[in-house]
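The values are calculated or read from the model by the stated rules, or taken from the named source; none is laboratory data. Quantities reported herein were computed from a predicted structural model and do not represent experimental measurements. Ideal geometry is used to build each Cβ from the backbone, glycine not excepted, and the neighbour counts take in all protein chains shown.
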Amino acid sequence: MEDDKFYELVELYRNPEHFGKPTKYNCSSEGYSPSCGDKFSVYLEVENNIIKDASFDGRGCVISTVSLSKLCSYLIGKKLNFVDSLNLESIKQLVGIDELSISRVKCATVGLDAIKKISAESNKV
């Protein structure tokens, strides 16, 4: 990984966008990665199947925190069920990394998995 990219990711880890429990949300889910101890709560405000706002809180490693921060930015304005089409490759593109060790895959996708749980629950209604 290039030094510039490394420092960019570390800075976003220190000051993640969309971090903190919002006062207004109508969907939430939790994600946990036992391999790294990452544990997050994800909060969405969804109206007419459109994600109006997305945020998260919790603790995790650089990869999980940055992935979730970028994912929240990316999803605002999209349909909730759009998350069903996302996968590890989508997260790698959002974060801007080419390779991930097998032990970091769950770190990268813990936030996506939590948001997919919200989408799955909304499809049951």
Checking 50, 76 in turn, the sole residue that is at pLDDT 95 or above, hydrophobic (A, V, I, L, M, F, W, C) and within 19 Å of residue 109 (Cα to Cα) turns out to be 76
Restricted to region 74-111 and to residues being basic (Lys, Arg) and assigned to a helix (DSSP H, G or I), the residue farthest from residue 60 (Cα to Cα) is 92
Across (1) more than 16 Å from the chain's Cα centre (by Cα); (2) at pLDDT 95 or above; (3) of a type in the set (Gly, Ala, Ser), residue 31 clears everything bar (1)
Restricting attention to region 30-40, the residues that are surrounded by 15 or more Cβ atoms within 10 Å (Cβ to Cβ) and assigned to a strand (DSSP E or B) number exactly 6
With the condition kept exactly as written, say whether any residue in region 48-58 is surrounded by fewer than 18 Cβ atoms within 10 Å (Cβ to Cβ) and in a loop (DSSP other than H, G, I, E, B). yes
Test: residue in region 66-73 that is of a type outside the set (S, T, N, Q) and surrounded by fewer than 21 Cβ atoms within 10 Å (Cβ to Cβ):
no
